[in-house]
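Below is one structure, written out as structure tokens; comments come after it.
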Amino acid sequence: MTLTFSSPPDNPGTHVLAIGVGVYPHLVGGAGAPASDAAAWGMKQLSTPPGSAIEVARWFIDEHRNPACPLASVELLVSASVDAPFRPSRGPLAQQDVAIEHATQQNVVAAIKRWKKRLDGDEQSTGVFYFAGHGMQSGLSSFLLSETFGSDDDATMKDAIYFTGLHLGMERCLARRQIFLIDACRNAPQALTSRVAAAGGGAGADPVIEPRVGAHPSTLPRDAPIIYSTASEAAAFGPAGGLMSYFTSALLRALRGAGWDDGDDPWNTWVLRTDSLTRHIGNLMQLDSELHGSSFQAPRAGGDAQSFILHVPPPATPPRIPIAVQAARSDPASLKVTLGASVQQMQPSSSPWELELEAAPGYQIDADFADGARLSARLSARPTLRKATVVPGGAT
Amino acid sequence: MTQIDPAPTKGTLHLRVGSPFDVRLEGIAVDVVPLRAGLSAKHLDVAVGQDTTLEVEAGDYLIEARLPSGAVASATCSVTPASTSEALLPLPAPPHEWLAFTRLVARPERADRRARYDSQPWRPRTPADVQAGMAIVSARGEAWACPDGQSFVEPPGGRGRRVLCDLGTDERLSSCILRPDAGWPYTYDEQLFLRITPPCSQSSLLVLPVPWFLDAQLAPLQVLWTGGRIPAVIVQDPGVGAVLAYLDSGDTAAARRSADAIADKAERILFDKVKNPVAAAGGAYVLLRLGQLAKLHDWVGNLAAWYPALPDGAILRATQLLRTSPAAEVKEEVTRLLVRAAQGGYPVYTEGVRLLASSLRLLASDDAPAPQVADALKAAQSMEAHASADSMFTWLDE
């Protein structure tokens, strides 16, 4: 068990389970005996899931805040090519090196059961399930592959989590608020999906928390959104050799401000709500794709979901908003950003310009070119992101 | 004594979400955000092309309309006391008028970009490529070729059904508009499918959400694909389109901003089940998704009873019972409904396939499931295994 953070369990709390699987010994490039169909499946070792899961766990420990549902536990499982300890910044294990368990099927199943048990402590608790690694979709069924996937040629899906069944089975959990963040491909090779489709349902994969008829532990409706990092039958990407996937990078930026919401008290009271998270992450990923040429993927929402508050930043903490500023000309210009008496001057560079501004109305943006021309724009910086085009005269 | 009236602090804001074409769409989420702290934001549910008037405190406002497609139209506006200010939020012009509705509810560019990474991309190059693989198939297995882009397709057997396939392409997308003829004597006892067989790839069946009545007329459906494997299917219904599209896109925040309005709208759609049972089922799925179980009333029971050929009615009623009643009391009724649904064709909505399989899985987990549950579960799992998760309407690989 790798509980990197815990607090007394007698109150509603936020319980996080983060899993990152980058090493698959039985898939292509793995150190173990390859599965007999590994080459046909073509699934390889992954570089980004370990770092992605660690950073998600770190965000919750370092930055998560919700007075109504404070952080109560963070459990982390990571399968990486090099094992490294995790050092939490606070909690009973603060500043200690904590050895992290691998995300083998056995460990993942046990961790999910412990996570559910912690969530069974209070109806008002919130569960956060994060998985990064190989995944697959067969029809409407989703699967998450643990480190040991491919270890048994006679029972291929034995080392996979039947995620569709898990999500359904978590109806039996007392905590009514649960969010599932799935950073995994959904386009497994035909050689694998056809086998799963032929078997039907969970195809031998473990739902861990199996659904049962009539097992409603609460009269409150469950609010349990799923955010998939990519569309059905599409791949999820990360930078080659990088430490974090595009989805998790966008997720963390959304958690840190780009996905906050001030709908009830404009410019003043910010919260992060689950129902706008998919849109914000999608917008950030689209911006990354447009500005940096990263592979485009469209996150998708699922599950029966209304809306709950996941994060409440400290008062008077306006978020920082990514801004893309474009000009009709591509030669370098120096950019001046003015808000009231505050002026930021940036070094000359070419359009499009990528800025990050504190959420506020009434920014004036001026681009001054070497030939003396000035193009301008006015904009209000609000989540998720803004795009502005600078033009002569400075129209918004 | 002279009474001095206080100076007015409020003004009137006229706002309009405008399209260059005559297109109707209700349920657009609009935020009116003051540009200084201390004033309240307002969240509205407006219709494209219609004026909306509201009273606000004087000040500067940012007004944003969030479309189901994900696009945002915005404007800033100054409101002065005791006067009226206008704010026009212009929508971007689509390349063709026939895309005016589509661009409000779908974002084909996203699918198009995604398609570059599909393992087996299919990009029809000319309308002829598309037509070659199209057919209309009945639940009884009869198929009618769709020989060209402007032909009526007359099914054999003289049952009087016909569908006009209107194909069009531009540089980004291909589209097929299905316009059921107004004289179409639909009897609710048979489902219609659209089969698409891309070159060098397996064929797929789309369960057509027909008949979709709009103001007592049959509404056109648009099947839009941009090279990805799963096309968007758009019902050109201004009252229901936005509700379904917000939920399809995952922007439930937009739905929540006007949750009451959307839930009321969905409730009304469900109430009007006699006018349009297919739309009523969609409204009921929206209510389930929003957790508004009370607004289902016993109308889904009526939907199940009156339209037995629409499996969604039975699935919705069974789901309602499972979520609101003790399992022991309703197990028999739920089993009957779900077995009937599993044997009665394909649900029109993918959500129906998901709920059918998951509910039957629940029944199968019971200590003593009814004997027919196993066969029904097998059929549902087969549908589940071949359905596409990202399509609102059931789209099955063959």
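The values are calculated or read from the model by the stated rules, or taken from the named source; none is laboratory data. These numbers were taken from a predicted model, which means no experiment stands behind them. Here the Cβ is made from the backbone with ideal geometry for all residues, glycine too, and neighbour counts use every protein chain on show.
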Open item on the list: Need pairs with beta-carbon distance below 7 Å; first residue of a type in the set (D, E) and within region A:209-230, second in a loop (DSSP other than H, G, I, E, B); sequence gap 6+ or separate chains.
Closed with: A:E210/B:S365; A:D223/A:R176; A:D223/A:A305; A:D223/A:Q306; A:D223/A:F308
Open item on the list: So, restricting to helices (runs of 4 or more DSSP H) that lie completely within region B:303-376, which ones have at least 1 residues that are in contact with a Pro (Cβ under 6 Å, 6 or more places away or on another chain) and at pLDDT below 90?
Closed with: B:350-364
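Tell me, please, whether a residue that is modelled with pLDDT under 90 and within 10 Å of chain B (Cβ to nearest Cβ) can be found in region A:237-246.
yes
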Open item on the list: Condition (residue is outside any helix (DSSP H, G or I), under 15 Å from A:R87 (Cα atoms) and of a type in the set (S, T, Y)) applied to region A:6-28: is it met by at least one residue?
Closed with: yes
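For B:S40, are the conditions met, namely being within 11 Å of another protein chain (Cβ to nearest Cβ), outside any strand (DSSP E or B) and not hydrophobic (A, V, I, L, M, F, W, C)?
Working: within 11 Å of another protein chain (Cβ to nearest Cβ): yes; outside any strand (DSSP E or B): yes; not hydrophobic (A, V, I, L, M, F, W, C): yes.
When the stated conditions are applied, B:S40 passes them.
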TODO: Working only within region B:300-323, note down all residues that are farther than 23 Å from A:H216 by Cβ, buried (at least 22 other Cβ atoms within 10 Å of the Cβ) and either without any contact (Cβ under 8 Å) to a residue 12 or more places away in the chain or touching a Lys or Arg at 6+ places or on another chain (Cβ under 7 Å) (or both).
DONE: B:L303
Open item on the list: Suppose we filter region B:331-366 for residues that are more than 27 Å from the chain's Cα centre (by Cα), more than 9 Å from chain A (Cβ to nearest Cβ) and either under 12 Å from A:L140 (Cβ atoms) or not hydroxyl-bearing (S, T, Y) (or both); how many remain?
Closed with: 3
Open item on the list: A:I309 - would you say it is within 14 Å of chain B (Cβ to nearest Cβ) and surrounded by fewer than 21 Cβ atoms within 10 Å (Cβ to Cβ)?
Closed with: yes
Open item on the list: I'm trying to understand the selection: among the residues of region A:281-302, which are at the interface with another protein chain (Cβ under 9 Å from one of its Cβ atoms) and not hydrophobic (A, V, I, L, M, F, W, C)?
Closed with: A:G282, A:N283, A:Q286, A:S289, A:S295, A:Q297, A:P299, A:R300, A:G302
Task: Hits in region B:377-398 - residues which are more than 9 Å from chain A (Cβ to nearest Cβ) and either at pLDDT below 85 or not in a helix (DSSP H, G or I) (or both) - done: B:M392, B:F393, B:T394, B:W395, B:E398
Open item on the list: Going by what's in this entry, would A:R253 be described as facing another protein chain (nearest Cβ under 8 Å) and of a type in the set (K, R)?
Closed with: no
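Condition first: at pLDDT 90 or above and polar (S, T, N, Q). Now tell me which residues in region A:1-35 satisfy that.
Across region A:1-35, the qualifying residue is only A:T14.
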Open item on the list: Looking only at region A:163-212, how many residues end up being of a type in the set (D, E, K, R), within 10 Å of chain B (Cβ to nearest Cβ), out of contact with any Gly (no Cβ under 6 Å at 6 or more places or on another chain) and surrounded by fewer than 19 Cβ atoms within 10 Å (Cβ to Cβ)?
Closed with: 1
Task: Those residues of region A:41-61 which are at pLDDT 95 or above and over 17 Å from A:L243 (Cβ atoms), in sequence order - done: A:F60, A:I61
Task: Residue match in region B:43-55 (condition: within 12 Å of another protein chain (Cβ to nearest Cβ) and outside any loop (DSSP other than H, G, I, E, B)) - done: yes
